[in-house]
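Worksheet for the structure shown next.
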Amino acid sequence: MDSNSAHNPVFLVFPPEITVSKFQSPEFIATTYESSGPFPKSLTTKMKTLGAIQILFGLLNFFFGVVFLFTLENPYPRFPFIFISGYPFWSSVLFINSGAFLVALERKPTGSLVKTTQAMNSLSALAATAGIILIALGLVLDQNYFCGHEDTNSQCQAINTLFIGILIMLMAFSVIELFISLSFSILKRCFYCCNCD
């Protein structure tokens, strides 16, 4: 490619209704579009992000519950307390539902969906509070869950550390879920700006 062809202009052919006459000065008009939803943009971004976090925490709670399913091995006589309470499973259902309702509310806000989202987040806040209490009890009751039944100390400490680590992760998820749920259930002023049908 030589230097002469690099500077040749390219002409595009448009239908006559699209082209502008060369004698008219083109006017640039700035058009502003308003948000299609009744919520401010910052709130919709928070709703989508926090709803996704709620769904993620629900999935992680469920998968940690599945990990606890495999702890009934000899010489351990029972499942851990947190598994017996069922917390990883029923909390995951509530957390996933409240996150899904929050994302759905961001997409299509209606009056009934606002009330349903607040109710689901209230239930999730109660579940998170119950989970914090149950996990604290589980940490006390199952402190020596693995090492208390075995005389050798070979793999016992490593497995016990992993078990306590999973309980601490569940505790952290529950505390964060509590704050997220409370922000959309008790603090109702977030939804006052909604002029939904």
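Figures for the structure shown
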read-out	value
Debye intensity ratio in log₁₀ form over the Cα atoms of region 45-140, taken at each q of 0.12, 0.13 Å⁻¹	-0.44, -0.50
Theoretical gain in end-to-end length, K115 to F63 [0.36 nm per residue, Cα-Cα removed]	15.8 nm
Where Rh is the Kirkwood radius over Cα pairs, Rg/Rh for region 90-130	1.00
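Bear in mind these aren't lab numbers, they're just calculated from the coordinates by the rules spelled out. Bear in mind the structure is a predicted one, so any value in this text is a computation, not a measurement.
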